[in-house]
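The values are calculated or read from the model by the stated rules, or taken from the named source; none is laboratory data. Just so it is clear, the model here is predicted, and its values are computed rather than measured. Reconstructed Cβ throughout: ideal geometry from the backbone, glycine too, with neighbour counts over all protein chains shown. The protein model used for the area step is the full one, side chains on, heavy atoms only, and it has no ligands, DNA or RNA in it. Shrake-Rupley method; radii C 1.70, N 1.55, O 1.52, S 1.80 Å.
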Amino acid sequence: MRMTHWRRCGCLAGKTIFMAGVLLLLLLMMSCMTGCGIEKEVEPAEEVTRETAAEQQVSEAVEEIHVPDELEAPDEAVESSDPKDFHEAGKAVDETDKIEATNSHSDDNESEGSKIIVSSEDYEPVEASEKEFREMTPRVQAEPGALIITGDGLENELVLNPSEWQLNHPWWTERYYSSNNNLGFHKIWLVKGYDLGSLLKEAGLKTDEDYLITFESADGVIYSEKWSSLQNRYYFSDLTTDTGQLIGPLIGFYRKEVFDAIEPQPPVHWQTQELTASDRDPQWPRLYMGQQQDHPSDINQPMFLRELVRIVVGQERKE
């Protein structure tokens with residue numbers, strides 16, 4: 001009986017120990033499994049931590065970028081939700097930009113030299129003398145082929161440029177001139193150009209003496225005559241003394257021959273004509289003058305100098 005009882009007790013004890021071992025083993029296995037699960041759950045947390053660290057580095061890098069204080073809106077405007085406040089903050093920034101731009105521009109000007117601004121109240125006009133006024137007045141630039149009218153018999157010098165020589169020039173006038181050459185060819189000319197007397201008046205012809213007028217052509221030919229004599233010449237419309245009329249000299253650019261005959265028998269007849277652009281004188285400008293009084297056969301055509309470049313009244317001007 002006792003042997004059987006101990007045997008039974010031994011079996012129960014062995015079973016108990018075995019079950020305890022199994023339970024311990026199960027606990028160990030569960031512990032291992034739980035530890036592994038924790039490690040697996042920690043890995044995503046570590047990844048989140050790394051991303052957070054990267055974002056923090058980017059944030060720190062952005063914070064290192066310096067924003068000028070004058071471009072930052074005031075804290076009051078940022079904290080306010082009123083659109084008016086934001087408008088006032090932006091206006092303040094714009095005013096700051098304008099002030100800086102003005103200061104920068106002022107610095108550039110100061111590097112080139114200080115400028116003094118004078119108000120209209122502080123300005124006092126200064127009257128220049130007539131000589132100073134002429135010296136301050138810019139002279140007209142002469143073009144190639146220009147006609148220069150100069151000399152000490154004039155107050156001013158005139159420059160007549162080819163770009164102005166048009167058929168409808170407002171200063172030009174038309175006149176008829178009678179002429180005769182060394183071969184006896186008598187002609188009647190219709191001419192358009194500058195009246196020489198008007199040009200000299202424009203240049204300020206002096207009246208203290210009867211000046212000698214000298215005409216110079218491009219080929220070097222020179223002709224001179226007193227101003228009083230040039231004004232005392234005549235035009236004979238039918239080449240008779242009965243039709244003679246006083247006529248002044250002209251600087252012509254367009255011309256047309258309306259009558260031409262060698263040793264004609266006056267009175268002569270011809271038809272009135274009109275000048276056109278095709279009547280341009282290819283050797284302009286040319287001098288025209290009348291004939292001697294009561295002398296329709298006076299030889300004046302050789303004095304019709306072509307390609308004039310200078311007209312000198314009196315002597316050359318002294319600079």
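In this simple spin-label approximation, residue 29 and residue 231 carry label points 7 Å from Cα along the Cα→Cβ vector, and these lie 14.6 nm apart.
Which loop-located chymotrypsin sites (Phe, Trp or Tyr not before Pro) does region 142-190 contain, where loop means any DSSP state but H, G, I, E or B and the Cβ has at most 16 other Cβ atoms within 10 Å?
Taking region 142-190 and a limit of 16 other Cβ atoms within 10 Å, the loop chymotrypsin sites (Phe, Trp or Tyr not before Pro) found are 171.
Pairs with C-alpha atoms separated by more than 18 Å, drawn from the list 226/318; 192/226; 206/318, are 226/318; 192/226.
How much space per residue, in cubic angstrom, does the convex hull of the C-alpha atoms of region 205-319 take up? Mind dumping the intermediate values first?
Numbers: hull volume 15.8 nm³, N = 115.
Convex hull of Cα atoms, per residue: 137 Å³.
Going highest first, how would you order 212-222, 274-284, 231-241 by mean Cβ packing within 10 Å?
Working: 212-222: 15.5, 274-284: 12.6, 231-241: 18.5.
Descending mean neighbour count gives 231-241, 212-222, 274-284.
Semi-axes of the equivalent ellipsoid for region 241-281, computed as √(5λ) from the eigenvalues of its C-alpha gyration tensor and ordered from largest down, come to 22, 16, 10 Å. Per residue, the solvent-accessible area of region 191-267 (1.4 Å probe, heavy atoms of protein chains only, all protein chains present) comes to 47 Å². Of the trypsin sites (Lys or Arg not before Pro) found in region 163-200, none is in coil by DSSP with at most 10 other Cβ atoms within 10 Å of its Cβ.
Multiplying the sequence separation of residue 278 and residue 181 by 0.36 nm and subtracting their Cα-Cα distance, what value in nm do you get?
Values: separation 97, 0.36 × 97 = 34.92 nm, distance 2.46 nm.
Full extension from residue 278 to residue 181 adds 32.5 nm.
Rg over Rh of region 270-319, using C-alpha atoms and the Kirkwood radius, what does it come to?
Numbers: Rg = 15.6 Å, Rh = 14.2 Å.
Expressed as Rg/Rh, it is 1.09.
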